[in-house]
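Let me begin by presenting the structure, written as structure tokens, before commenting on it.
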């Protein structure tokens with residue numbers, strides 16, 4: 001993968017420039033927020049998983065909505081879309097596709113975490 005292709009891929013996962021712009025260009029603040037997110041997101045993922053296992057669509061909707069908001073702050077479009085899919089499934093009470101959607105979210109969050117760690 002060329003450096004240009006790598007940069008485009010990285011921006012699809014996590015757009016550092018846009019994330020910095022969202023918080024006024026303060027890199028120290030961004031690093032602090034990234035660290036908080038990296039510590040907290042596993043809990044949100046666990047809440048989604050527990051909701052799916054329990055058949056609790058409201059819990060899935062709420063946890064996915066919260067995670068969607070968190071990743072949106074970092075201009076992480078693919079992870080945001082994956083969380084949104086779970087939020088909608090929860091809102092509609094349709095958890096039949098939730099395990100597949102969770103697998104997609106886990107993949108996107110894994111890539112996001114790697115990109116964030118590289119940025120730190």
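When the helix-only estimate is applied to the chain (DSSP H runs of n ≥ 4, each -39,500 (n - 2.57), divided by the residue count), what is the mean residue ellipticity at 222 nm, nearest 500 deg cm²/dmol?
Numbers: 6 runs with 99 residues, N = 120.
The per-residue figure over the chain is -27500 deg cm²/dmol.
Which angle between 0 and 90 degrees, to the nearest 10, do you get for helix 98-119 versus the longest principal axis of the chain when only C-alpha atoms count?
The angle comes out at about 20 degrees.
Roughly how tilted is helix 3-13, in degrees to the nearest 10 and between 0 and 90, from the longest Cα axis of the chain?
Helix 3-13 sits at roughly 40 degrees to that axis.
Once both axes come from the Cα atoms, what is the angle between helix 27-54 and the longest principal axis of the chain, in degrees from 0 to 90, rounded to 10?
20 degrees
Quote the relative contact order of the chain in percent (integer), defining contacts as alpha-carbon pairs under 8 Å separated by 6+ residues. Please report the intermediate quantities before stating the final value.
Details: 131 pairs, mean separation 35.2, N = 120.
Computed value for the chain: 29 percent relative contact order.
Starting at 0 and stepping by 10 Å, how many percent of the alpha carbon pairs of the stretch 3-119 end up in each bin?
With 10 Å bins starting at 0, P(r) equals 15, 45, 28, 11, 1.
Every number here is computed from the coordinates shown, using simple stated rules; none is lab data. Please read these numbers as outputs of a predicted model, since none were measured by experiment.
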